[in-house]
Amino acid sequence: MGKATELDELFRQPLAEFTSARNALAKAAGKDGAEIRALSKPPLAAWAVNQLYWRDRDRYEALIEAAGEMRRTHKSVIEGKRGDLRAASREHEIAVEAALKATLSLLKDSGTPVTAATRQAVLNTLRALPADEAPGRLTRALSPGGFEMLAGVTPGAPPKREGKTPRDSGGGAASRPKGKADQKAEQEAAKTRARRAAAERAVRDADQRARHAEFEAARAARDATKAARRLEAARTALDDAKTEFETSQREAHKAERAREAAERRSRDAQTALETARASQLP
């Protein structure tokens, strides 16, 4: 089994078994052991999205395809080309919702309770795909990006300002009445300017919506992270309390057995004392 396959198997493991499985794999990996041991245990949201990749590949790939199409459409519009941003965003949201439903179902099947914080963290991660980590091997929850995903895209040139028309310059041959061809050319130019203006407005509107969505997503991601940390701290405290309870229970049983044994020895000693006294009587 190659290293890549072994790593795939590692990330398919139940989350509770990740650390022990990673350490065992690192121990057997020789020179690659340090690199494997450095792999972080995925948070619950990242692990859940990993399972979507491993267990429902078609739905995962549909989401990645929709995300790619939406980014290509944004790129085209910013470059001044045609693109239906509304349709691309709608298709992406449909794919995200389908992936979210499937991922939460996988979580429930694994016996993991799905809290509001977990759901939001999974949703943020799905919206941020594709990631810079290998599919199925996420080691962190993700936050949706904004226009940084379009880095390197050159915006289309704004429409050129029209100079004075021959009619405006006054005098000479330019003041002659325009023919039908000239009028048609002017109408086409006006339509072109209107389309460019509409495209610019669409880009500005899309940019504002994207930045607003990015802000809201970042805030939701921060809230989800805080909630997840509080939940993890509560779970740790609960585990510690259970351990303390079990330890105290064992010590109480041990103390009870010691008390009973001491009482038996006391009774035996009292009986022996009474017997000895009785033997000394005349």
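The values are calculated or read from the model by the stated rules, or taken from the named source; none is laboratory data. All values reported here derive from a predicted model rather than from experimental measurement. Reconstructed Cβ throughout: ideal geometry from the backbone, glycine too, with neighbour counts over all protein chains shown.
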>> Among (1) surrounded by fewer than 15 Cβ atoms within 10 Å (Cβ to Cβ); (2) without any contact (Cβ under 8 Å) to a residue 40 or more places away in the chain, there is one condition Ala26 misses while meeting the rest; what is its number?
In response: (1)
> Any idea which of Glu91, Glu79, Glu65 is in contact (Cβ under 8 Å) with a residue 24 or more places away in the chain, touching a Gly at 6+ places or on another chain (Cβ under 6 Å) and assigned by TED's automatic domain parsing to the domain that holds Ala134?
Replying inline: Glu79
> What about Glu97, is it in the same structural domain as Val122 (by TED's automatic domain parsing), crowded, with 18+ Cβ neighbours inside 10 Å and of a type in the set (Asp, Glu)?
Replying inline: no
